[in-house]
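None of the figures in this text is laboratory data; all of them are computed from the coordinates on show. Since this is a predicted model, take the numbers as computed values, not measurements. Cβ atoms come from the backbone with ideal geometry, glycine included; neighbour counts cover every protein chain shown.
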Amino acid sequence: MNQSLLKYTTMAALVAAMAVVGCTKQDQANVKTTSDDAVAKVKQDAKEVGAEASKGITQAKEALTTTAQEAKQAAKVSGDKIGDKLSDAVITTTVKAELAKDKDLSALKINVDTDNGRVALHGTAPNQAARDHASALASGVKGVVNVDNQLTVEPGKG
């Protein structure tokens, strides 16, 4: 933008200087008119360049704002996913601890898997009451959405 303005200004000054040297008054008047026209053209071009630059700056600001908003949303989604995985790990650990407290259930024989708060129990229970109690213990843990009890009853193996 500055180079174009400088170029036109220099041209206008050169034309004006040439016109003043060795010209008649009529020629000087014509040169002055030409010089004024050149200056007006330079000013108009400068305005147009400024307007284009302003549009470019506005577009750059909008793009930067959009990119920042997208980055913020991506960070939130990533944070939520990490939080969900941590929550699932806490739920699994808590359910295992509750099962370990029960004298009829063996936390070592029950596998606990958690995904988005959904707990799946796999393994064995010594009787139906212990199997049902495992579901109740898992359901009572904070953050559990539902329990899929796939424990099999095998007397003497719970």
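What residue among 89, 149, 124 has its Cα farthest toward the positive end of the dipole of region 81-153, where the charges are +1 on Lys, Arg and -1 on Asp, Glu, each on the Cβ?
With unit charges placed on the Cβ atoms, the residue in question is 89.
As a footprinting exposure proxy, order 95, 145, 112 by other Cβ within 10 Å, with the fewest listed first. Walk me through the numbers on the way to the answer.
Working: 95 26, 145 12, 112 22.
Ordered by Cβ neighbours within 10 Å, fewest first: 145, 112, 95.
Find the eigenvalues of the gyration tensor of the Cα atoms of region 81-153, then list the square roots of 5 times those eigenvalues as equivalent ellipsoid semi-axes, largest first, in whole angstrom.
Each semi-axis is √(5λ); the values are 21, 11, 10 Å.
Once fully extended, how much extra length lies between residue 75 and residue 59, figured as 0.36 nm per residue of separation less the alpha-carbon to alpha-carbon distance?
This chain segment gains 3.3 nm when fully extended.
Over 32 Å between C-alpha atoms is what I'm after, so list which of 72/109; 103/142; 109/142 land there.
72/109
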